[in-house]
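Engineer: Encoded as structure tokens, here's the structure I'll be asking about.
The values are calculated or read from the model by the stated rules, or taken from the named source; none is laboratory data. All values reported here derive from a predicted model rather than from experimental measurement. As a convention, Cβ positions derive from the backbone with ideal geometry for all residues, glycine included, and neighbour counts pool all protein chains shown. For the accessible areas, the whole protein counts, side chains as well, though only heavy atoms, and no ligand, DNA or RNA atoms are used. Shrake-Rupley method; radii C 1.70, N 1.55, O 1.52, S 1.80 Å.
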Amino acid sequence: MEKKNNKYDFSLFDSHNLLNQNILVSYKGPIDERIMTVIGDNIVLVANDTNDKARTKIFKVFMELAQNVWLYSSETCKLENGKSVGMGSLVIGEFGNYYTFVTGNVVKNADIVPVIDKCEMINSLDRESLREYRREQRRLAQSGKPNSGNIGLIQVALTAESPLDIELTPVNDDESFFSIAVKISKNCTKK
């Protein structure tokens, strides 16, 4: 941060006010098992006024999307134990009768096209077709074929019962900031 005229370019107060708008959880930094545990516990606490099914969905979506940041972010951090983990951001917001869960991280432009294609494919399928696509991906993963597996995004769409809202913002010539958002109804019932 640069200091200008006895003030910093960044205002924590402005950031606080921005995040105070229906935001239940906000995190930016390295994501590993320890952080996932702490945030997961926090999700259970902040979503305590919603039904068990919705809270479970929020937790499952969190686990899948946070793991994507951890494993696939091109921005990494080396921990004390020498292990490198992905860095990114996650936000859970509460709006009327639904929650919005958003994750974002820096990715290499060369790696993002297959992910965008997969998200578009997932969004084009109905629920039963998504289930079949997940089964197909599991079979491919078990056979060891290239470009198989990676069913996390399929699982997110099935769990949230909503499309994946994706956004790609260029950072530089080689990288972009990739975000995924999903809505989770507060009024979900067992199916």
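Engineer: Quick one, which of (1) 35, 20, 17; (2) 23, 19, 17; (3) 29, 23, 16 is the actual semi-axes √(5λ) of the Cα gyration tensor in Å calculated for this model?
Structural biologist: (3)
Engineer: Here is a further query. Among 72, 87, 141, whose Cα sits farthest toward the positive end of the charge dipole of the chain (+1 at Cβ of Lys/Arg, -1 at Cβ of Asp/Glu, about the Cα centre)?
Structural biologist: Towards the positive end, the residue furthest out is 141.
Engineer: Under a GNM of the chain (C-alpha, springs under 10 Å), which listed residue has the highest mean-square fluctuation: 74, 89, 129?
Structural biologist: Among 74, 89, 129, the largest GNM mean-square fluctuation belongs to 129.
Engineer: Here's something else I'd like to know. Amide H neighbours of residue 171 under 5 Å, counting only residues 5+ apart in sequence or on other chains, H built in-plane at 1.01 Å?
Structural biologist: Under 5 Å from the amide H of residue 171: 176, 177.
Engineer: I've got another one for you. Just list whichever of 60/118; 53/118; 53/78 have alpha carbons separated by over 31 Å in the model shown. List each step's numbers first, then the result.
Structural biologist: Values: 60/118 20 Å; 53/118 27 Å; 53/78 36 Å.
Exceeds cut-off: 53/78.
Engineer: Carbon and sulfur together cover what percent of the accessible area of the chain at a 1.4 Å probe radius?
Structural biologist: On the way: 6000 of 11660 Å².
Carbon with sulfur: 51 percent of the solvent-accessible area.
Engineer: For the pair residue 141/residue 34, report the inter-label distance in nm, with labels modelled 7 Å from Cα in the Cβ direction.
Structural biologist: 2.8
Engineer: Can you tell me the dipole magnitude for the chain around its Cα centre, using point charges on the Cβ only (Lys, Arg +1; Asp, Glu -1), in Debye to the nearest 20? Working shown, then result.
Structural biologist: Working: 24 positive and 25 negative charges, 139 e Å.
For the chain, the charge dipole is close to 660 debye.
Engineer: Here's a follow-up. Give me the one-decimal Kirkwood hydrodynamic radius in Å for the range 21-133, with the sum taken over alpha-carbon pairs.
Structural biologist: Across the range 21-133, the inverse of the average 1/r is 15.5 Å.
Engineer: Residue separation times 0.36 nm, minus the C-alpha to C-alpha distance between residue 109 and residue 79: what's the value? List each step's numbers first, then the result.
Structural biologist: Numbers: separation 30, 0.36 × 30 = 10.80 nm, distance 2.54 nm.
Additional length available on full extension: 8.3 nm.
Engineer: I've got another one for you. Pick from 155, 21, 67: which is most flexible by mean-square fluctuation in a GNM of the chain where alpha carbon atoms under 10 Å apart are linked?
Structural biologist: 21
Engineer: Give the long-range amide H neighbours of residue 188: residues separated by 5 or more places, or on another chain, with amide H under 5 Å away, using H modelled in the peptide plane at 1.01 Å from N.
Structural biologist: Under 5 Å from the amide H of residue 188 lie the amide H atoms of 54, each far enough along the sequence or on another chain.
Engineer: Moving on to the next point. With label points built 7 Å along Cα→Cβ from the Cα atoms of residue 187 and residue 67, find their separation and express it in nm.
Structural biologist: In this crude spin-label approximation the distance works out to 3.2 nm.
Engineer: Oh, and also: Please give the length that would be gained between residue 132 and residue 171 if that part of the chain were fully extended, namely 0.36 nm times their separation in residues minus their C-alpha to C-alpha distance (nm, one decimal).
Structural biologist: Numbers: separation 39, 0.36 × 39 = 14.04 nm, distance 3.58 nm.
Fully extending the segment from residue 132 to residue 171 adds 10.5 nm.
Engineer: Let me ask something additional. Which residue fluctuates most in the GNM of the chain (Cα springs below 10 Å): 60, 28, 78?
Structural biologist: Result for the chain, Cα springs under 10 Å: 78 fluctuates most.
Engineer: Within a Cβ distance under 9 Å of residue 159, other residues only, what is the Lys/Arg minus Asp/Glu net charge? Please list the in-between numbers first.
Structural biologist: On the way: positive: 57, 60; negative: 64, 161.
Taking every other residue near residue 159 into account, the sum is 0.
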